[in-house]
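Report on the following structure.
Just so you know, all these numbers are worked out from the coordinates, no wet-lab data involved. Values in this document were obtained by computation on a predicted structure and should not be read as measured data. FYI the Cβ positions are ideal-geometry reconstructions off the backbone, even for glycines, and counts take in every protein chain you see.
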Amino acid sequence: KEGIAALVESAKSQTATALEAITTKTDDAARDYDNTVRAADLSAANLSVAACSLALVKDTHVDKDIRAAAAEAGVELEKLSIDAFSSNKALYKAFKAVPTTAIDTATAQRKYWFDEKMLDFKSKGLELPDAEFAEVVALRKRLAELDTKFSENIAEDKRTITVPIAECAGVPQPILDE
């Protein structure tokens with residue numbers, strides 16, 4: 001469990017440091033693709049790696065308590081991802097402040113990614129009034145909790161069913177052999 005806690009704290013610290021560097025720039029003219037857009041993308045990717053590591057532990061560890069701790073930590077990182085990247089108005093403002101020349105001169109792939117990210121920000125409610133936006137964020141966090149609980153329920157369920165062989169037409173033989 002200590003390893004899980006250390007992973008979460010490391011991910012939280014790295015995310016906070018990266019976002020502070022991105023969102024506290026006061027000179028928008030100093031913004032460019034690398035120090036804003038790419039920096040945010042790399043930080044989000046690092047957070048995703050930590051979340052995926054927790055998901056692996058949640059889905060495969062032999063100890064139920066460790067699986068539960070990993071699941072709880074995974075929800076914590078999912079909520080962090082929502083707050084830090086997809087619902088962060090300061091980050092959205094920073095992206096909007098990147099000079100259009102920096103985007104226009106980027107590679108086609110980077111320009112496409114930036115355009116998609118801006119649409120993603122909007123689809124996640126960042127242009128809504130604050131009260132409506134807060135409701136969207138709360139719903140997304142609740143959905144993250146429910147998704148994790150659903151996955152846990154599926155993984156922990158040990159029920160079986162018996163189907164007569166005559167009703168298994170079309171099922172490949174190796175599956176039937178198990």
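A few points about this structure:
- Contour minus Cα-Cα distance for A30 and A108 (0.36 nm per residue): 25.9 nm
- Extension reserve of the E9-A166 stretch, reckoned as 0.36 nm per residue once the Cα distance is removed: 51.1 nm
- Under 22 Å from the Cα of K64 - lysines, other chains or at least 8 residues apart: K1, K149, K158
- Most mobile listed residue (A155, A166, A97) in the chain, GNM with C-alpha springs under 10 Å: A166
- Here region 63-164 is treated as an ellipsoid with the same Cα gyration tensor; its semi-axes, largest first and in whole Å, are 37, 17, 13.
- Paramagnetic reach from A16 in region 78-94 [backbone N under 19 Å; point 7 Å along Cα→Cβ]: 78-91
- In summary, the convex hull built on the alpha carbon positions of the chain has an orientation-averaged projected area of 14.9 nm².
- P(r) tail, region 42-110: Cα-Cα pairs separated by more than 14 Å, 68% of all pairs.
- Contour minus Cα-Cα distance for A97 and D157 (0.36 nm per residue): 16.7 nm
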